[in-house]
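One structure below.
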Amino acid sequence: MRTLPVGRRSRPARPVAVVRPGGRLNIGSQRDAAVIRTCVGCRGRAAALELLRVVVQRSEGSVNRLVPDPKRRLSGRGAHVHHDLNCLDQAVRKRAFSRALRVEGPVDDAAVRALVESESAERSAPAHEAGRGRMKTTR
């Protein structure tokens, strides 16, 4: 009879398919699909794959930088926000990033804002403006 080490699951999680932002398909486990997080801006709850994870990069100066973590690989405490400028603005206005990430003082959200703005521009722009297609020119 085969025994499993302590702390191991007796059976693996069943694979599921989850559509990620941007229409990409992610084959993960049922456990990954069930992770629910709260947006620090609007306080809405959503699957973790639908939100952008943000971590803080501590600096010696007075301002800490927010760093987007779309692959969810960076170490440290994370906060989640929708891929929406309104949610980002609400989070900055309420100082929710400082509270969620447990940092003192102001945070610089420039990198996160640039990523969210570029994603919203890609969604709203025609294919030739977003760089997905070529524009034909006639002479």
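The values are calculated or read from the model by the stated rules, or taken from the named source; none is laboratory data. Only a predicted model underlies this, so the values are computations on that prediction, with no experimental measurement involved. FYI the Cβ positions are ideal-geometry reconstructions off the backbone, even for glycines, and counts take in every protein chain you see.
Points worth noting:
- Scanning the stretch 89-124 for residues that are of a type in the set (Ser, Thr, Tyr) and either exposed (fewer than 13 other Cβ atoms within 10 Å of the Cβ) or touching a strand residue (DSSP E or B) at 6+ places or on another chain (Cβ under 7 Å) (or both) turns up Ser98, Ser118, Ser124.
- Search result, residues across the stretch 51-84 that are in a loop (DSSP other than H, G, I, E, B) and of a type in the set (A, V, I, L, M): Val63, Leu74
- Among the candidates Arg53, Arg93, residue that is without any contact (Cβ under 8 Å) to a residue 40 or more places away in the chain, touching a His at 6+ places or on another chain (Cβ under 7 Å) and either under 23 Å from Ser124 (Cα atoms) or of a type in the set (D, E, K, R) (or both): Arg53
- From Asn64, Asn26, Asn86, residue being surrounded by fewer than 15 Cβ atoms within 10 Å (Cβ to Cβ), of a type outside the set (Phe, Trp, Tyr), more than 14 Å from the chain's Cα centre (by Cα) and at pLDDT below 95: Asn26
- Scoring Ser98 on the criteria (1) in a helix (DSSP H, G or I); (2) in contact with a His (Cβ under 7 Å, 6 or more places away or on another chain); (3) of a type in the set (Gly, Ala, Ser) leaves a single failure, condition (2).
- As a summary of the residue check, Thr137 satisfies the conditions (1) modelled with pLDDT of 95 or more; (2) over 23 Å from Arg43 (Cα atoms) except for the one numbered (1).
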